[in-house]
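Take a look at the structure set out below.
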Ligand code: GLY
């Protein structure tokens, strides 16, 4: 029996997150959304399509009025308005109307782009999320943030649009490319750090099983991680306050992601950004030195970076200022008051940010000193 977490909006049930070991229960879940009388367009990328595209098409065939599939080339560089435009054209050609539905099958890029198309096509049609990466399962598929990148700025154009269902087949994590899996783990760890110290400690205790991708442990990890995310987005769906806590590690992380031209994965940059934020928290005596080093070193067994080369710290600082996480010209920085409790701080200075970037900056010259 699949586990489920209901997500509320304004204290009313909005959609369920379903955790399952396979895709078998997807049709049953979709039946509750009346797909019998609707057309469905599966939206996916070229990589995910090769693995799961035909399986999903086969599952849905005969269960709805019509099922079609739109496939775009994989990669963050395709999360843009040109692909959204091509998708609109496809939906028009296939005759999808306001009662029909999109199904996002894939990682964060697919989910964000499909959600944005669903939010805007015919002023909004339903969509469901079927996330297939750890990053998408633990973070981006929940909470209704949708959007695309614009002129090199991440998620610059978007909308809040809640899915009708998030269906997670967590078995797919067992075959996920290793680097993708560990990149997603950075967001899992983030959820423990910002809100749930017991979960953070559980992650340390279960390090071996997580790395081995034990299915029962993965299920518990996902349910606990998604519970943190659910509670945060229920309280603040449109990021007027506490939802910004989910941006721990993202201010410096996004800047590194951009400076490195997306050569590092999102979660890898988030891990670096979390180390930098924990460093500032230590220097402000919010965390002890031991806690700072414990957080930093916790990433190592998960093959996540704790230092980065080939960057210019001054350039990273400048890029943090062009990120979206600004309010009235001030950076909304997320710090750790303690492990399991994050706070938003608008007083972090450029000097503090620069010192934190230098802390995670690794220069080859260091080897010769
Ligand atoms: N990934 C951050 C958020 O959903 O707000």
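The values are calculated or read from the model by the stated rules, or taken from the named source; none is laboratory data. For clarity, every value in this text was computed on a predicted model and none was experimentally measured. Neighbour counts run over all protein chains shown; Cβ positions are idealised from the backbone, glycine included.
For region 205-220, residues that are more than 16 Å from residue 18 (Cβ to Cβ) and surrounded by 15 or more Cβ atoms within 10 Å (Cβ to Cβ) total 7. Per the conditions (1) without any contact (Cβ under 8 Å) to a residue 40 or more places away in the chain; (2) under 20 Å from the mean Cα position of the chain (by Cα); (3) part of a strand (DSSP E or B), the sole criterion not satisfied by residue 104 is (1). Residue 277 meets the stated requirement of being more than 12 Å from the ligand (Cβ to nearest atom) and surrounded by 24 or more Cβ atoms within 10 Å (Cβ to Cβ). Residues of region 177-190 that are over 12 Å from residue 336 (Cα atoms) and in contact with a helix residue (DSSP H, G or I) (Cβ under 9 Å, 6 or more places away or on another chain): 179, 180, 181, 182, 183, 184, 185, 186, 187, 188, 189. Counting just the residues of region 121-145 that are out of contact with any strand residue (DSSP E or B) (no Cβ under 9 Å at 6 or more places or on another chain) and farther than 24 Å from residue 247 by Cα, which one comes out surrounded by the fewest Cβ atoms within 10 Å (Cβ to Cβ)? Once the filter is applied, the top-ranked residue is 123.
Which one of these is in contact with a helix residue (DSSP H, G or I) (Cβ under 9 Å, 6 or more places away or on another chain), under 16 Å from residue 355 (Cβ atoms) and not in a helix (DSSP H, G or I): 256, 252, 311, 316? Going through 256, 252, 311, 316 in turn, just one is in contact with a helix residue (DSSP H, G or I) (Cβ under 9 Å, 6 or more places away or on another chain), under 16 Å from residue 355 (Cβ atoms) and not in a helix (DSSP H, G or I): 311. Is it the case that some residue within region 179-195 is within 26 Å of residue 243 (Cβ to Cβ), assigned to a helix (DSSP H, G or I), without any contact (Cβ under 8 Å) to a residue 40 or more places away in the chain and out of contact with any strand residue (DSSP E or B) (no Cβ under 9 Å at 6 or more places or on another chain)? Checked region 179-195: no residue is within 26 Å of residue 243 (Cβ to Cβ), assigned to a helix (DSSP H, G or I), without any contact (Cβ under 8 Å) to a residue 40 or more places away in the chain and out of contact with any strand residue (DSSP E or B) (no Cβ under 9 Å at 6 or more places or on another chain).
Residues considered: 363, 322, 288, 307. Of these, the only one that is farther than 25 Å from residue 240 by Cα and at pLDDT below 95 is 363. Listed by position, the strands (runs of 3 or more DSSP E) inside region 1-49 whose residues that are modelled with pLDDT under 95 number at least 2 form an empty set.
Residues of region 229-244 that are more than 9 Å from the ligand (Cβ to nearest atom) and outside any loop (DSSP other than H, G, I, E, B): 230, 231, 234, 235, 242. Is it true that residue 263 is assigned to a loop (DSSP other than H, G, I, E, B) and either surrounded by fewer than 17 Cβ atoms within 10 Å (Cβ to Cβ) or touching a strand residue (DSSP E or B) at 6+ places or on another chain (Cβ under 7 Å) (or both)? Yes: the conditions hold for residue 263.
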